[in-house]
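Just below is one structure, and these are the notes that go with it.
The values are calculated or read from the model by the stated rules, or taken from the named source; none is laboratory data. Values in this document were obtained by computation on a predicted structure and should not be read as measured data. With ideal geometry, Cβ positions are generated from the backbone for all residues, glycine too; neighbour counts draw on all protein chains shown. The protein model used for the area step is the full one, side chains on, heavy atoms only, and it has no ligands, DNA or RNA in it. Shrake-Rupley method; radii C 1.70, N 1.55, O 1.52, S 1.80 Å.
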Amino acid sequence: MDVVLCRNVLIYFSDEAIRRVVRHFHGLLDRGGFLFLGHAESLARITDAFTPVRFKGAMIYQKPDTGGEAAP
């Protein structure tokens, strides 16, 4: 997949549940793919497997486009 949209869902989950869901998204996304979350959601304390990218007042997360990255 190139894009996963998961807006305003993770705010209802525990940190462990978020880690499991984000790990699943990471596996689904192609290298260079994007994860869109709601404005109140952040991966800062969850994982560093995605690169945060600021885009027109929003934060989106990109799976690195390089080989050998570790899963979250």
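Heavy atoms only, 1.4 Å probe, whole protein assembly: order Ile11, Ile46 by accessible area, highest first.
Ile11, Ile46
With only Lys, Arg, Asp and Glu charged, each at its Cβ (+1 for the first two, -1 for the last two), find how big the charge dipole of the chain is about the Cα centre; round to the nearest 20 debye.
140
Filter the GluC sites (Glu not before Pro) in the chain to those in DSSP coil with at most 16 other Cβ atoms within 10 Å of their Cβ, and list the result.
Taking the chain and a limit of 16 other Cβ atoms within 10 Å, the loop GluC sites (Glu not before Pro) found are Glu69.
State in Å² the accessible area per residue of the chain; use a 1.4 Å probe, count heavy atoms of protein chains only, and round to the nearest integer.
Per-residue accessible area for the chain comes out at 64 Å².
How much of the pair distance distribution for the chain lies past 21 Å, counting alpha-carbon pairs only, in percent?
16
Whenever you get a sec, compute what percent of the accessible area on the chain sits on carbon and sulfur atoms (1.4 Å probe).
For the chain, the apolar C and S fraction of the accessible surface comes to 55 percent.
So for the pair Arg19, Lys56, with labels modelled 7 Å out along Cα→Cβ, what separation do we get in nm?
3.5
DSSP beta bridges in the chain, what fraction antiparallel, as a percent rounded to 5?
65
Asp65 accessible area, nearest 10 Å², 1.4 Å probe?
Taking all protein chains as shown, Asp65 has close to 120 Å².
Could you run the Karplus curve 6.51 cos²θ - 1.76 cosθ + 1.60 with θ = phi - 60° over the range 16-23 and give me ³J(HN,Hα) per residue in whole Hz, x for Gly and Pro?
5, 5, 4, 4, 5, 5, 5, 4
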